[in-house]
1. Just checking, which of L70, L32 is farther than 30 Å from A219 by Cβ, without any contact (Cβ under 8 Å) to a residue 24 or more places away in the chain, of a type in the set (A, V, I, L, M, F, W, C) and surrounded by fewer than 16 Cβ atoms within 10 Å (Cβ to Cβ)?
2. Yes or no: the range 182-201 includes at least one residue that is in contact with a Ser or Thr (Cβ under 6 Å, 6 or more places away or on another chain), hydrophobic (A, V, I, L, M, F, W, C) and either modelled with pLDDT under 85 or over 29 Å from V78 (Cβ atoms) (or both).
3. Can you name the residue in the range 125-154 that is open to solvent by 80 Å² or more (accessible area, probe 1.4 Å) and not charged (D, E, K, R) and, of all such residues, is farthest from E208 (Cα to Cα)?
4. Given the range 176-253, what strands (runs of 3 or more DSSP E) lie entirely inside it while holding 1 or more residues that are under 16 Å from P120 (Cβ atoms)?
5. Scanning for something open to solvent by 60 Å² or more (accessible area, probe 1.4 Å), among the hydroxyl-bearing types (S, T, Y) and either modelled with pLDDT of 95 or more or closer than 21 Å to T18 by Cα (or both), does the range 93-106 turn up at least one residue?
6. Test V65 against the criterion of being in contact (Cβ under 8 Å) with a residue 60 or more places away in the chain, in contact with a strand residue (DSSP E or B) (Cβ under 7 Å, 6 or more places away or on another chain), in a helix (DSSP H, G or I) and open to solvent by less than 30 Å² (accessible area, probe 1.4 Å), and give yes or no.
7. Working carefully through the options A14, A7, A21, A87, find the one that is modelled with pLDDT of 95 or more and aliphatic (A, V, I, L, M).
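The values are calculated or read from the model by the stated rules, or taken from the named source; none is laboratory data. Predicted model, so just to flag it, every value in this text is computed and none were measured. A quick note on method: Cβ atoms are made from the backbone with ideal geometry, for glycine too, and the neighbour counts reach across all protein chains shown. Note: accessible area is taken over every heavy atom of the protein model, side chains too, but ligands, DNA and RNA are not part of it. Shrake-Rupley method; radii C 1.70, N 1.55, O 1.52, S 1.80 Å.
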Amino acid sequence: MDTKPFASGLSENAVTVTRVAYRQWHALDDDLVVGRGHAHHRPDGRLFVSIDAWHDAAFDRLAEVMVAALPAPLYTVVDEADTELTAGWRRAGFTVRRREWEYAVPTDPRVTGLEGVLPPSGVTIVPAGQADEGPLREVDRTIRDEVEATAGWWQSMPAEVVPRTEGDTVVDPSKYAVAAAQHRYLGLIRVVTAIRPRIGLIAVRAGEQRRGIGRALLAHALVTAHRSGFPAAWTEVHESNHAATALFEGVGARPMSSNLELVR
């Protein structure tokens with residue numbers, strides 16, 4: 001294990017940072033754990049770090065040791081309202097890369113205005129769990145490639161944190177409802193329900209946008225959640241994704257908080 005002393009001024013003893021496991025560190029002050037640091041890879045391959053510390057001195061020393069030990073670039077995510085934590089990462093040389101807004105989305109169609117909304121002619125909504133896996137993976141891959149070629153997937157779409165097999169972006173096909181035409185799928189929506197439904201992705205092929213397909217997919221997902229007894233769902237929207245912002249705010253979604261992704 002690697003142990004490095006650091007005079008914190010908080011006690012007569014030095015604060016030390018110790019690597020306790022692979023990409024895990026503890027900060028000790030007089031044998032008391034006063035901070036923990038951890039690093040892990042997200043599904044997109046980027047390396048994210050986190051620190052939970054009792055005081056600034058422990059945070060700063062953990063950040064210093066971790067930055068020196070880990071390969072750049074490094075990323076972290078903070079609640080924008082947590083100004084103390086944000087300030088700590090800024091002291092460590094991190095800067096804001098992106099902001100995501102978390103929305104509470106009503107499900108009652110009388111509130112959303114989506115009652116009776118149908119897909120355009122020739123398009124049907126296939127409920128979650130009934131989509132064919134092959135065409136589902138094809139439309140997911142096509143949409144990702146289209147977004148990557150323009151705005152950039154990781155620059156404009158919600159962060160994805162669910163572990164998955166390398167190269168497999170459809171983790172659980174049963175969570176996707178799709179908009180289907182005669183020979184292919186045109187769009188998809190992914191909803192995962194734990195405490196409440198989370199809309200993790202809604203997207204439509206580039207050539208099929210502005211036809212009401214995304215709105216029909218959202219209407220289907222929210223009505224399904226409403227029938228299951230959920231008064232609200234939630235989702236995250238990247239601040240640069242104006243189309244998604246307009247779609248959700250247009251059905252009465254309310255921004256509840258925001259997260260910052262920082263990078264060094």
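1. On the way: L70 fails: without any contact (Cβ under 8 Å) to a residue 24 or more places away in the chain.
Selected residue: L32, the only one of L70, L32 that is farther than 30 Å from A219 by Cβ, without any contact (Cβ under 8 Å) to a residue 24 or more places away in the chain, of a type in the set (A, V, I, L, M, F, W, C) and surrounded by fewer than 16 Cβ atoms within 10 Å (Cβ to Cβ).
2. Within the range 182-201, the subset in contact with a Ser or Thr (Cβ under 6 Å, 6 or more places away or on another chain) is 199.
Keeping just the survivors that are hydrophobic (A, V, I, L, M, F, W, C) gives 199.
The next check asks that each one be either modelled with pLDDT under 85 or over 29 Å from V78 (Cβ atoms) (or both); those that pass are none.
So far as the range 182-201 goes, no, none of its residues is in contact with a Ser or Thr (Cβ under 6 Å, 6 or more places away or on another chain), hydrophobic (A, V, I, L, M, F, W, C) and either modelled with pLDDT under 85 or over 29 Å from V78 (Cβ atoms) (or both).
3. Q130
4. It comes to 176-180, 185-193, 197-204.
5. Yes, that holds for at least one residue.
6. Working: in contact (Cβ under 8 Å) with a residue 60 or more places away in the chain: yes; in contact with a strand residue (DSSP E or B) (Cβ under 7 Å, 6 or more places away or on another chain): yes; in a helix (DSSP H, G or I): yes; open to solvent by less than 30 Å² (accessible area, probe 1.4 Å): yes.
Yes.
7. A87 is the lone residue from the list that is modelled with pLDDT of 95 or more and aliphatic (A, V, I, L, M).
Per-residue answers, yes or no, for (1) open to solvent by less than 40 Å² (accessible area, probe 1.4 Å); (2) among the hydrophobic types (A, V, I, L, M, F, W, C):
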| position | (1), (2) |
| --- | --- |
| V171 | no, yes |
| Q182 | no, no |
| P197 | yes, no |
| G200 | yes, no |
| H220 | no, no |
| E239 | no, no |
| V251 | yes, yes |
| N259 | no, no |
